[in-house]
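The block underneath contains the structure these notes are about, expressed in structure tokens.
What follows draws every value from the coordinates through simple rules; no lab data is involved. What you are looking at is a predicted structure, and each value in this text was computed from that prediction instead of being measured. Ideal geometry is used to build each Cβ from the backbone, glycine not excepted, and the neighbour counts take in all protein chains shown.
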Amino acid sequence: MNDGTLIKLRGIAKTYRLGIQEVPAVRGVDLDVDRGEYLAIMGSSGSGKSTLMNLLGCLDTPTAGSYELAGRDVSGLGEDELAAVRNHEVGFVFQTFNLLPRSTALQNVELPLIYAGLPAGERRARAARALEQVGLADRSHHKPNELSGGQRQRVAIARALVTEPSLILADEPTGNLDSQTSREIMALLGELDRGGRTLILVTHESDIAAYTRRIIRLHDGRIVADERHGPQA
Ligand SMILES: Nc1ncnc2c1ncn2[C@@H]1O[C@H](COP(=O)(O)OP(=O)(O)OP(=O)(O)O)[C@@H](O)[C@H]1O
Ligand SMILES: [Mg+2]
């Protein structure tokens, strides 16, 4: 599916400042991603993958360059505007799930809709639908410690989906899962891809990257390879 450009990065750089020390984490990245693409970002530890993901997800702002997300220049936005873009356009999935421990699966999935200001009834209904979509309708009232690792990640994916974002970002989504559970999570992400979602994931593992259709390799904060390939059967 291709109905236009979702992401346009030009000369994007991020330099962290620690006192007098400057750490250039991302150094001049150009990248175009169309709606509906499914891509993996690979690269060794410290190559800038998480920094780039944070920039893509509007969790952080670049020190140089421009970023257009869904047709809007977001590189110069302030905190509040960025938070609004994030809430509207981006769903996040993390290696460590990042669920609220004392809230049920349903409440965790509802959370982004509370930020979005939706009324309670609609929130509940949409969260329930998202949980159903990830195959967890029967676990809505479980708290994270009453779920398996794979189920926790499904809840996190439901939470990422529930606002119908333009973009889903996943930083090492299978990093804390065994290989069988990783395959199940990748199968679920594959379903979202076939449903037309735009997905970007970070992974160290080439067999995880092989589920996507495009692999970008970072080295020292720069893109050194950008390969497209067919999806894994
Ligand atoms: N908040 C920060 N302050 C200062 N330097 C940082 C900060 N975050 C990351 N860095 C530095 O920026 C560089 C890129 O870090 P980043 O976390 O993006 O790497 P990564 O590719 O995600 O690595 P990993 O595979 O280990 O997660 C590293 O040299 C790191 O030390
Ligand atoms: Mg990282």
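Per-residue ellipticity at 222 nm, computed for the chain from helices alone with -39500 (n - 2.57) per DSSP H run of at least four residues, works out to -10000 deg cm²/dmol. By the rule of a C-alpha distance below 18 Å, with chain neighbours fewer than 8 residues away ignored, the lysines paired with Lys49 are Lys8, Lys14.
Cα centroids of the stretch 1-46 and the stretch 162-190: 20 Å apart.
Based on C-alpha pairs under 8 angstrom that are at least 6 apart in sequence, the chain has a relative contact order of 27 percent.
In the chain, the longest principal axis of the Cα atoms and the axis of helix 105-115 are about 50 degrees apart. Evaluating 6.51 cos²θ - 1.76 cosθ + 1.60 at θ = phi - 60° for every residue in the stretch 52-66, the Karplus couplings come out as 5, 4, 5, 5, 4, x, 6, 7, 8, 10, x, 8, 8, x, 10 Hz, glycine and proline recorded as x. Among 19-28, 209-218, 187-196, the peptide with the highest mean count of other Cβ atoms within 10 Å heads the list, and the full ranking is 209-218, 187-196, 19-28. If you take all other residues with their beta carbon under 13 Å from the beta carbon of Arg72, and give Lys and Arg +1 and Asp and Glu -1, the sum is -2. Counting only other residues whose beta carbon sits under 10 Å from that of Phe97, what net charge do I get with K and R as +1, D and E as -1? Computed value for this residue: +3. Shown in residue order for the stretch 72-78 are the 3J(HN,Hα) couplings computed by the Karplus curve 6.51 cos²θ - 1.76 cosθ + 1.60 at θ = phi - 60°: 10, 6, 9, 5, x, 6, x Hz (x for Gly and Pro).
Counted by Cβ distance under 12 Å from Ala125, the other residues give a net charge of +1, where Lys and Arg count +1 and Asp and Glu count -1.
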